[in-house]
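Below you'll find the structure, written out as structure tokens, and then a few comments.
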Amino acid sequence: MNIDQPAGVMACPACIATPAAMSRAAKTVDAASVEYQFSLPTVHCAACIQTIETQLSNLDYVDDVRVNLTRKRATVHARPQTPEQDIISAISALGYEAVPLDSATLSAGETDRAARDLAMRLGVAGFAMMNVMLLSVAVWSGASDATRDLFHWLSALITLPTVLFSARPFYTSAWRVIRVGRLNMDVPITLAILLASGMSLFETISHGDHAYFDAALSLTFFLLAGRYLDQKMRSVARSAATELAAMEVPTALRMNGTDMETVAIQDVVVGDVLMVQAGGKVPVDGRIISGVTDMDRSFLTGESDPVSVGINSDVNAGEINLSAPVQIQATAVGEDTLLHSLADLVSVAESAKSRYNSLADRAARIYAPAVHLLAIAAFVLWMWLTAGDVRVAMNIAVAVLIITCPCALGLAVPAVSTVASGRLFKSGILVKHATALERLAEIDAVVLDKTGTLTFGLPELVTQLSDDDLAVAAGIARQSAHPRSKAIVQAASARGVSAATVAEITEEPGMGLEGRHNGETVRLGRAVWAGCVSSTMTVLQIGTNVHSLEFRDSLRDGAADLIDAFKTRGIPVSLLSGDVKMAVDQVADELGIDNKFHEMLPQDKIEFLNQCTQSGQKVLMIGDGLNDVGALSVAHVSIAPASALEATRVAADMVLVSPDLRNVFSAIGTARSARSRILENFSVAAVYNMIAVPIAFAGFATPLAAAIAMSTSSIIVSLNALRTR
Amino acid sequence: MEVLVILIPVSLCLGALGLVGFFWTMKSRQYEDPEGDAVRILRTDYDDSPAP
């Protein structure tokens, strides 16, 4: 069939697809396209993929779209200089939320490559194991003489290259610790694999009965499987964590005379004049040179009320500009910013955490020397019994080494951690640190931050206004991005009040809004500015009527349930906040927390946690602010909500992605369950050794027995891991 | 027993074929998006742009 022939009858799906594919190919040819990455938190089904991919590729500046459902991400190839905002609005028009990701941060493909490399080795080991097992079955069922030798040679041919290639991660790791004169689990593994292969080769050459080729391979296969699971689990958590980091695109708006240009944050130098838009984040430390506005400092200090700033006020990187655009002159950039110096606290604590002894470490410390001692003992004993027959003694020593080798132990921890992390990932918790789950299982006290953790850090209108007043308030408030204005608009729409028309609205930066409604002057803003006396900071003035507006911080979902759950389990809860006494008391009373502290400086929080640790408590710290960074790093285990700044998320062991705090409690349950599964798996391995070692020692362990014992214990351990809830 | 001379190479070749297939799936990144691929196959329109 001629390709150019017009398709009259479309016979197959490919015929329908070909023209589309060709038109797409034609599109791709012109100009090199640029890759954009977007996070799509709400995609979940086949229809979502289809809608986004087909609709976006219809846009003429888009060359190619690919949605990845597993990572909830879209990769878009588009013409160079396509504004990201265009693609985002195209996606939001389809009804999906899209967040741009910084491709440079994401291109940390190294962990992916490590996982692929391990999978490759695992595949080779699996292939070789299956074939050698088949050949071994013939030998076990009684093949003799020339047939047995042929099968042994074939097995050797498959095994030796495989063992050299597949088990290399173990050799390198073992070599690394031997060089510094220590032992880890990989040392006995390496010895067992190499000795088993070498001994079997010798037996094959000298026409012996027993060869352990299959044992060497299954050892490699099972242990690689454990290693692969471990790697995979960490790369999932890490890729999600880098995704969070990539969401903060680090750019600044630099003033060039009267022009504005977007520059990367690394390119900003001290003395540059930068524009900070309303709603934007301050990129570097600086001093305001023009404009008046309110800054949200809750990340830095825990204060829930915005702070008003004007010319010559100092601002710090990370603060959020609430009301009006201001120009700042950079005074400290990069590593000199306050934000960065706080983040430095983290690296100190990181090393403290790596000193934590995980269950696997403790098991390895007992196990690794024991394995070597047992093998040497078997060798010496049989040298003595057989009056110097090296071959028999060596055979038995290898059998002991293979039997005791921590096959089940190598799977015991990774299998359970994989299942547990998977569960937590589904309920919106990322486990960042390898030993975080174990530490979470041990906690017996909880310390919480207030702003941004127990509360959203967003105000909620408490004062009950009449419908008419609320309508006017919403009418004027919808002109502003200030959180309190937003709270008024939200309160109106919650009550079903539609906003009234307010004309001639002007904003007095840092003070409030003024407008006209039905011939009356309407003012919403600071009491001082509106020129009236009020008990609260914010007032609404309509004509001559003045309403004092009271706000409070709205609680996060599940905050009350979380505190209740801790209380019923008898876990003491403390609230440490940098906010003022009134705000702290309000939240603490509502949640029933008695142990509360207000106006805590970062140093006070660290001090508090150190005292807890000294009195033997294992504290879980949940916090989001930069003032919590130090406390998060000294706590036994720490959780930060995903809304926190990057520095805080780096410091925390886990990140809570879902807004619901109840998940923290279920995470503790999962961690405890995981811990008991790991301990059970260790006992399974111990029991198995107690039975198998005497048999091997006595010289009764045939290759068949070793193969059966090894597979059974590995399967039992993996099945037990699946019981983790 | 002469049949072994044929059967063993045949079985090894088949196994190796599977291994090569596995390598190919790894190289062409078919494990990147397991969830997405699972639902893509049920799409009604033909998926004309598989992952590059």
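Any read-out appearing in this document is the output of simple, stated calculations on the displayed coordinates, not a laboratory observation. Here the structure is a predicted model, which means the values were calculated and not measured. So basically every Cβ, Gly included, is an ideal-geometry build from the backbone, and we count neighbours across all protein chains shown.
Key figures for this structure:
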item	result
Cβ-placed point charges (K, R +1; D, E -1), dipole of region A:463-549 about Cα centre in debye, nearest 20	260
Acute angle (nearest 10 degrees) that the helix A:662-697 long axis makes with the longest principal axis of chain A, alpha-carbon atoms	10
Alpha carbon convex hull of region A:463-549, projected area averaged over orientations, nm²	5.0
Gain upon complete extension [A:Gln329, A:Asp585; 0.36 nm per residue less C-alpha separation]	88.4 nm
Gained length - A:Ala387 relative to A:Arg113, 0.36 nm times residue gap less alpha-carbon distance	93.4 nm
222 nm mean residue ellipticity, helices alone, for chain A (DSSP H n ≥ 4; -39,500 (n - 2.57); rounded to 500)	-17500 deg cm²/dmol
Equivalent ellipsoid semi-axes - Cα gyration tensor, region A:269-332, angstrom	17, 12, 10
Scattering profile of region A:90-237 at q = 0.14, 0.17, 0.21 Å⁻¹ [log10 I(q)/I(0), Debye over alpha-carbon scatterers]	-0.74, -0.96, -1.22
Distance-filtered residues of region A:452-484 - backbone nitrogen under 20 Å, label point 7 angstrom along A:Thr544 Cα→Cβ	A:469
Residues A:Ser658, A:Ser417, A:Ser141, A:Ser92, sorted so that the one with the fewest Cβ neighbours within 10 Å comes first	A:Ser141, A:Ser92, A:Ser658, A:Ser417
Cα-based convex hull, the protein assembly as shown, per residue volume (Å³, whole number)	216
20 °C / 1.002 mPa s Stokes-Einstein diffusion coefficient of region B:1-41, Kirkwood radius on C-alpha pairs, µm²/s	172
Hits among lysines - C-alpha to C-alpha of A:Lys232 under 26 Å, sequence gap 8 or more where chains match	A:Lys72, A:Lys353, A:Lys426, A:Lys432, B:Lys27
Pair A:Asn256, A:Leu679: separation of 7 Å Cα→Cβ label points (nm)	6.5
Compactness relative to 2.2 N^0.38 Å, alpha carbon Rg of region A:557-602	1.15
Convex hull volume per residue for region A:539-647, taking Cα atoms only, in Å³	136
Net charge over other residues, Cβ less than 9 angstrom from the Cβ of A:Val587 (K, R count +1; D, E count -1)	-2
Net charge dipole size for region B:1-41 [Lys, Arg +1 and Asp, Glu -1 on Cβ; Debye, nearest 20]	120
In degrees, nearest ten, helix A:338-354 long axis to first principal axis of chain A (Cα)	20
Binned Cα-Cα distance frequencies in region A:31-101 - 5 Å width, integer %	3, 19, 34, 27, 12, 4, 1
Order of A:Thr501, A:Thr258 under a 10 Å beta carbon neighbour criterion, fewest first	A:Thr258, A:Thr501
Two-site label geometry, A:Asp468 and B:Leu4: point separation in nm, points 7 Å out along Cα→Cβ	10.4
Positive-end residue, region A:269-332 charge dipole about Cα centroid, Cβ charges, pick of A:Ser308, A:Ile320, A:Val273	A:Val273
Neighbour-count ranking [beta-carbon atoms within 10 angstrom, fewest first] of A:Arg227, A:Arg391	A:Arg391, A:Arg227
Normalised contact order of chain A, rounded percent, pairs of Cα under 8 Å and 6 or more residues apart	12
For residues of A:44-51, the mean tally of beta carbons on other chains within 10 Å	4
